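This report concerns only the one structure given below.
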């Protein structure tokens, strides 16, 4: 919902910092969040009929604790019209192992099916072994690579796909 855009931006910044602080440059992370984790960016996705944005909230108090974004693919691999990209899926690290990430993934795959998509693509930082293992457990397989700009630094990502 459009009224969730501010909460989505907040949890997006928090989860990116939570995931990559101490791994990627702090300056680059702040710049990336300022440019890409804005309420306006999330409002655009929320209002796009080709996208699905899910906000996960804590049971007690409804604080934002995770989210996912399905949208039109923007990856350097060959795509077809029935592809969709899981552009983002994050939870706060204190919730890793809680089942929230799995629930967000299940929901994303269901939403992709509702949109009549047949393949889900995603890009992930190559050095994020935990995320890569999670995606592989979910049936995703590598289909390519890309370079992804965070702040002023290019990073090597893996591109994964899963037929649904």
Quiz item: Picking from 150, 46, 80, which is most flexible by a Gaussian network model of the chain using Cα springs under 10 Å?
Solution: 80
Quiz item: Once a ≥ b ≥ c are taken as the square roots of the eigenvalues of the Cα gyration tensor of segment 1-95, is the result rounded (a/c under 1.5), prolate (a/b larger than b/c) or oblate (a/b not larger than b/c)?
Solution: oblate
Quiz item: Can you give the calculated 222 nm mean residue ellipticity of the chain, where each DSSP H run of n ≥ 4 adds -39,500 (n - 2.57) and the sum is split over every residue, rounded to the nearest 500 deg cm²/dmol?
Solution: -11000 deg cm²/dmol
Quiz item: For segment 86-162, what value does the Rg/Rh ratio take when both radii are computed over Cα atoms and Rh is the Kirkwood radius, given to two decimals?
Solution: 0.97
Quiz item: Between residue 103 and residue 25, how many nm apart are label points set 7 Å from Cα along the C-beta direction?
Solution: 3.8 nm
Exercise. Compare the peptides 133-141, 118-126 by average per-residue count of other Cβ atoms within 10 angstrom and give them in order, highest first.
Key: 118-126, 133-141
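Here, each number is a calculation from the coordinates, and none is a lab measurement. Predicted model only: the values in this text are computed from it and were never measured. Quick reminder, even Gly has a Cβ in these numbers, built from the backbone with ideal geometry, and neighbours come from all protein chains shown.
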